[in-house]
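Engineer: Just dropping this structure here.
The values are calculated or read from the model by the stated rules, or taken from the named source; none is laboratory data. The model shown is predicted, which means the values in this text are computed figures rather than measured ones. We place every Cβ from the backbone using ideal geometry, glycine too, and count neighbours over all the protein chains shown.
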Amino acid sequence: MTVRIGVIGTGMIGEEHSRRITQTLTGGAIVAVSDVNAEQAQAVVERLGLDARVYASGQELIAADDVDAVLVTSWGPTHEEYVLAAIEAGKPVFCEKPLATTAQGCRNIIDAEIEAGKRLVQVGFMRRYDSGYQLMKEAIGGGRLGEPLMIHAAHRNPEVPERYVTPMAIHDTLIHELDTFRWLLDDDYKSAQVLFPRKTRHAHSKVEDPQMVLLETVKGVRIDVEIFVNCRYGYDIQCAVVGEEGIAHLPEPQALQYRQAGKLASEILQDWKKRFNDAFDVELQAFIDGAAAGQIGGPSSWDGYAAAIAGDVCVKAQESGAIEAIEMPERPAFYG
């Protein structure tokens, strides 16, 4: 069975996902696209050689009889509307983060999915599919490290544009860590605090950079995350889990090592897409396979909701400088 997929949002990530589904993965075909910029959508169809119809709106695409499943890769504030429409249509939907721009929006999606009686939503938290993080998950779950005590992490970008403002360090950057640590530890958050060290001269006036986010989980694990989005030297993701019996470090991306001009060196990635390229492949293949089997797995609407709640509190902590409580509702059995 070939899963006929409609893509809403043909910007950078939408085109990348369309490319991998068409050229790399199996079992799926892009048959429909939509974007607020119709010319851009048509250009993507032509660049990728797609046999796909360009729809005037995401709603029309979702309603199309020849669309079996939906990818939502549009602007964040539109996600809730399209995911709800896909649920109402009974169609599996892959939604890039954020699931919605507010915790209430995520809750609306959860309520709709529960009412539909079937999991239809997979959220684009691709780090769960990264081989390095998978190894860390196995080490923690297998008890090799003993009980986890601390996590030290960093999320560094070479630079960000003028439109990137201070809260985006949480909603656009830390959001991945907020999901990943819950998944690694099988735990929820209890509190958050955000500290601002000395500001780098490379940061523009609308963003405080770097930032330090301090999290505490319900089980008492302490987490510190450095967010440094103008680090200049490259795209660098670091994570170390400290346990009672040992420490696990996230493996470095594979890179060619050079002995040249009196130096031993290896290159550092500059592009986040290349860092998690394989993980994107695995997560989207899982979605296609799940849609074909009628059983969607992976990061759920509840995971999107939990990350949104924690993210909102982290933004509050940016503003207050205080330790702010994170209160998670009880998880419905539907997502057990």
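Here is a yes/no grid of residues against (1) assigned to a helix (DSSP H, G or I); (2) charged (D, E, K, R); (3) in contact (Cβ under 8 Å) with a residue 12 or more places away in the chain:
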{"residue": "LEU135", "(1), (2), (3)": "yes, no, yes"}
{"residue": "TYR164", "(1), (2), (3)": "no, no, yes"}
{"residue": "THR173", "(1), (2), (3)": "yes, no, yes"}
{"residue": "ARG182", "(1), (2), (3)": "yes, yes, yes"}
{"residue": "GLN193", "(1), (2), (3)": "no, no, yes"}
{"residue": "GLU208", "(1), (2), (3)": "no, yes, yes"}
{"residue": "LEU214", "(1), (2), (3)": "no, no, yes"}
{"residue": "ILE223", "(1), (2), (3)": "no, no, yes"}
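Engineer: Looking at (1) in a helix (DSSP H, G or I); (2) of a type in the set (A, V, I, L, M, F, W, C); (3) closer than 22 Å to TYR233 by Cβ, find the lone condition where ALA139 falls short.
Structural biologist: With respect to (1) in a helix (DSSP H, G or I); (2) of a type in the set (A, V, I, L, M, F, W, C); (3) closer than 22 Å to TYR233 by Cβ, ALA139 is out only on (3).
Engineer: Quick check on the stretch 230-273: of everything there that is charged (D, E, K, R) and either modelled with pLDDT under 95 or not in a loop (DSSP other than H, G, I, E, B) (or both), which residue is nearest to VAL160 (Cα to Cα)?
Structural biologist: The extreme case among them is ASP271.
Engineer: Kindly state which strands (runs of 3 or more DSSP E) lie completely within the stretch 2-101 and contain at least 1 residues that are within 18 Å of the chain's Cα centre (by Cα) and crowded, with 23+ Cβ neighbours inside 10 Å.
Structural biologist: 3-8, 69-72, 93-95
Engineer: Consider VAL282 carefully, then state whether it is in contact with a helix residue (DSSP H, G or I) (Cβ under 6 Å, 6 or more places away or on another chain) and either buried (at least 16 other Cβ atoms within 10 Å of the Cβ) or in a strand (DSSP E or B) (or both).
Structural biologist: Yes; evaluated as a whole, the condition is true for this residue.
Engineer: Hey, among the residues in the stretch 113-139 that are buried (at least 19 other Cβ atoms within 10 Å of the Cβ) and aliphatic (A, V, I, L, M), which one's nearest to GLU88 (Cα to Cα)?
Structural biologist: LEU120
Engineer: What about ILE109, is it in contact (Cβ under 8 Å) with a residue 60 or more places away in the chain, of a type outside the set (Gly, Ala, Ser) and outside the structural domain of GLU177 (by TED's automatic domain parsing)?
Structural biologist: Judged against the criteria, ILE109 is a match.
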